[in-house]
1. When the expected Rg is taken as 2.2 N^0.38 Å, what fraction or multiple of it is the alpha-carbon Rg of the range 1-118?
2. Once Lys and Arg get +1 and Asp and Glu get -1 on their Cβ, which of THR61, HIS13, LEU81 lies farthest toward the positive end of the dipole of the chain?
3. With no solvent and one point on each alpha carbon, what is the Debye value of log10 I(q)/I(0) for the range 13-81 at q = 0.18, 0.28 Å⁻¹?
4. Rounded to two decimals, what is Rg over Rh for the range 2-207 when you use alpha-carbon atoms and the Kirkwood radius?
5. Say we join alpha carbon atoms closer than 10 Å with springs in a Gaussian network model of the chain; which of VAL64, VAL143, VAL166 then has the biggest fluctuation?
6. Can you give the FRET efficiency for ALA21 and ALA114, using 1/(1 + (r/R0)^6), R0 = 45 Å, r = Cβ-Cβ distance, to the nearest 0.05?
7. So which residue, out of ASP46, ASP186, ASP85, gets the largest mean-square fluctuation from a GNM of the chain using Cα contacts under 10 Å as springs?
8. Would you compute, from DSSP H runs of 4+ residues alone, the mean residue ellipticity of the chain at 222 nm, taking -39500 (n - 2.57) per run and dividing by the full residue count, rounded to the nearest 500?
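The numbers here are math on the coordinates, done by the rules we state, and not lab data. Predicted model only: the values in this text are computed from it and were never measured. No Cβ is skipped: glycine too gets one built from the backbone with ideal geometry, and neighbour counts run over all protein chains shown.
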Amino acid sequence: MRTHVVDHPLVAHKLTTLRDARTDTPTFRRLADELVTLLAYEATRDVRTELVDINTPVTRTTGVRLSHPRPLVVPIIRAGLGMLDGMVRLLPTAEVGFLGMIRDETTLEASTYANRMPDDLSGRQVYVLDPMLATGGTLVAAVGELMRRGADDVTVICLLAAPEGVERLEAELAGAPVTVVTGALDEGLDEQGFIVPGLGDAGDRMYGTVG
Ligand SMILES: O=P(O)(O)OC[C@H]1O[C@H](OP(=O)(O)OP(=O)(O)O)[C@H](O)[C@@H]1O
Ligand SMILES: O=c1cc[nH]c(=O)[nH]1
Ligand SMILES: [Mg+2]
């Protein structure tokens with residue numbers, strides 16, 4: 001597994017406002033959307049392309065276009081849904097699959113309550129969207145489900161990651177073809193499993209719910 005922390009002043013600037021407890025829900029959503037396009041720029045560096053001949057108004061030339069099979073984008077419901085529009089704006093031909101997952105706030109165990117994805121993911125580039133990589137339980141389970149369906153090229157895009165979560169993914173997905181792209185690697189987790197300094201509960205802040 002490979003981890004890439006995107007070191008860019010615009011990412012740091014937007015993350016700072018996202019973290020700020022005073023940031024309201026509409027602004028939080030807008031910033032998450034903007035951040036995913038910046039992170040996706042880095043995460044799609046190896047997206048598969050093919051050569052294509054076109055005519056410009058001046059001459060014939062060879063360019064590139066996204067190739068088949070189409071990439072698959074998988075937001076982890078709920079909070080990951082807030083990253084979907086920004087991602088498909090960059091990859092308009094992508095197919096979208098869905099995983100609904102919730103972390104038990106006491107045991108910190110992740111469970112899946114919705115699963116709507118293509119059966120065969122072999123040969124597909126898969127981009128998983130989840131703003132928070134905390135203990136890593138959610139993403140270990142999500143990537144495991146993708147690999148059971150034959151996925152062999154998975155990129156996870158997170159807004160924030162904790163070192164504990166990255167280490168768990170490295171341990172449990174050792175040797176798996178997985179890349180994690182994150183806007184920041186934070187200090188760690190608190191006793192409730194929240195990322196520190198973090199931004200609180202991403203889903204609640206994204207959708208205006210409490211608890
Ligand atoms: O790395 P982990 O310790 O598993 O925690 C990370 C998960 O927790 C949050 O989801 P949550 O369970 O709060 O669901 P929500 O998106 O519906 O709020 C977050 O969006 C991740 O999916
Ligand atoms: O800090 C955290 C950890 C898990 N899930 C969140 O939404 N925030
Ligand atoms: Mg939540």
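1. Details: Rg = 18.1 Å, N = 118, 2.2 N^0.38 = 13.5 Å.
For the range 1-118, the normalised Cα radius of gyration is 1.34.
2. Checking the options against the dipole of the chain, the answer is THR61.
3. For the range 13-81, the Cα-only Debye profile gives -0.84, -1.24.
4. Working: Rg = 17.4 Å, Rh = 17.5 Å.
Radius of gyration over Kirkwood radius for the range 2-207 works out to 0.99.
5. The residue that fluctuates most here is VAL64.
6. On the way: r = 30 Å, r/R0 = 0.66.
Here the calculated transfer efficiency is 0.90.
7. So, out of ASP46, ASP186, ASP85, the one fluctuating most is ASP46.
8. Working: 6 runs with 65 residues, N = 211.
For the chain, the value works out to -9500 deg cm²/dmol.
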